[in-house]
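J.: One structure, pasted below without further comment.
The values are calculated or read from the model by the stated rules, or taken from the named source; none is laboratory data. Source: prediction; values computed, not measured. Counting neighbours? That spans all protein chains shown, and the Cβs are built from the backbone with ideal geometry, glycine included.
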């Protein structure tokens, strides 16, 4: 019985955080933690039909939390780290935070992988920028009404 316990412990420790955590990369926020994003969304004046980009988003965990309080927003999640930002991991992020929603999720999430010289975000759809520095951290958020 001890060898089985040891093997199980080794597998859990060796497989990274995906067996224990709902997604890889970034903190896992609670329903209480994400309440700050109500204020962030008000500050950013995000509304249905807006297009928003988070540059340097890691796995998109802040964006998943923000989206709990948004409806019908296009969210472009951009990073250069292809380990943290993948379609599969972003689905896990969205699934985790969607459980805190009171209504079905109508937002659209787009993964965009850039590099050190360019973001690879679509051209011509972002009309204003808002640097966001607060409890969220220092990130450049681009927002544009449709």
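J.: Could you give every pair whose Cβ atoms fall below 8 Å, whose first residue belongs to the stretch 38-53 and is at positive phi, and whose second residue is modelled with pLDDT of 90 or more, counting only separations of at least 6 or pairs across chains?
T.: Here the result reads 49/72; 49/73, each pair linking the stretch 38-53 to a residue that is modelled with pLDDT of 90 or more.
J.: For residue 54, which of the numbered conditions (1) in contact with a strand residue (DSSP E or B) (Cβ under 9 Å, 6 or more places away or on another chain); (2) surrounded by fewer than 22 Cβ atoms within 10 Å (Cβ to Cβ); (3) closer than 21 Å to residue 100 by Cβ; (4) at pLDDT 90 or above fails to hold?
T.: (2)
J.: Would you pick out the residues in the stretch 70-93 that are closer than 24 Å to residue 42 by Cα and surrounded by 20 or more Cβ atoms within 10 Å (Cβ to Cβ)? Can you show your working first?
T.: Residues of the stretch 70-93 closer than 24 Å to residue 42 by Cα: 70-78, 90, 93.
Those that are closer than 24 Å to residue 42 by Cα and surrounded by 20 or more Cβ atoms within 10 Å (Cβ to Cβ): 70, 73, 75, 76, 77, 78, 90, 93.
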